[in-house]
1. Test of understanding: among 12, 62, 47, 2, which residue is touching a helix residue (DSSP H, G or I) at 6+ places or on another chain (Cβ under 6 Å) and in contact (Cβ under 8 Å) with a residue 12 or more places away in the chain?
2. Restricted to segment 17-31, and to residues that are modelled with pLDDT of 95 or more and crowded, with 22+ Cβ neighbours inside 10 Å, which residue is farthest from residue 7 (Cα to Cα)?
3. Within segment 86-120, work out how many residues are of a type in the set (Gly, Ala, Ser), without any contact (Cβ under 8 Å) to a residue 40 or more places away in the chain and not in a strand (DSSP E or B).
4. Restricting segment 86-109 to residues that are open to solvent by 40 Å² or more (accessible area, probe 1.4 Å) and among the β-branched types (Val, Ile, Thr), which is modelled with the lowest pLDDT?
5. Within segment 55-66, does at least one residue satisfy the condition of being of a type in the set (Gly, Ala, Ser) and either surrounded by fewer than 21 Cβ atoms within 10 Å (Cβ to Cβ) or under 17 Å from residue 5 (Cβ atoms) (or both)?
6. If the requirement is being at pLDDT 95 or above, open to solvent by 50 Å² or more (accessible area, probe 1.4 Å) and under 9 Å from the mean Cα position of the chain (by Cα), which of these qualifies: 46, 37?
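The values are calculated or read from the model by the stated rules, or taken from the named source; none is laboratory data. None of these values were measured; they are calculated from a predicted model. Ideal geometry is used to build each Cβ from the backbone, glycine not excepted, and the neighbour counts take in all protein chains shown. Accessible surface areas use protein heavy atoms only, side chains included; no ligands, DNA or RNA. Shrake-Rupley method; radii C 1.70, N 1.55, O 1.52, S 1.80 Å.
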Amino acid sequence: QVQLVESGGGLVQSGGSLRLTCAASGRIDMITMGWYRQPPGKERERVALITFDDTATYEDPVKGRFTISRDNAKRTVALEMNNLTPEDTAVYYCNAGVSWTGGTYGPGNVWGQGTQVTVSS
């Protein structure tokens, strides 16, 4: 079974950038991968996903600022985050197996441990 480990989080000033990396222990080439985040006191939400054929989809709050990419040979998924704001502060999670079910995108059952991103004002 695939296991996921996120890295790259940290403290950054508003307007700065961070690059998150999700490393998978198993093959991910045939599945859709996603990045989710959970701000303090809020529910976990999807921020971006990337399909097996490299088609990326972004949620409105991050459009134009975040870029998701994957390297199936290296078994990694990255999230480049630019022009960060305090509203981006959250624990960011990698997810394996995002799917379109019941009219919405839903996460798969495999999550990483999360990496903290804190953006100061």
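1. 47
2. 24
3. Qualifying residue count, segment 86-120: 2.
4. Within segment 86-109, the match that is modelled with the lowest pLDDT is 101.
5. Yes: one or more hits.
6. So the residue among 46, 37 that is at pLDDT 95 or above, open to solvent by 50 Å² or more (accessible area, probe 1.4 Å) and under 9 Å from the mean Cα position of the chain (by Cα) is 46.
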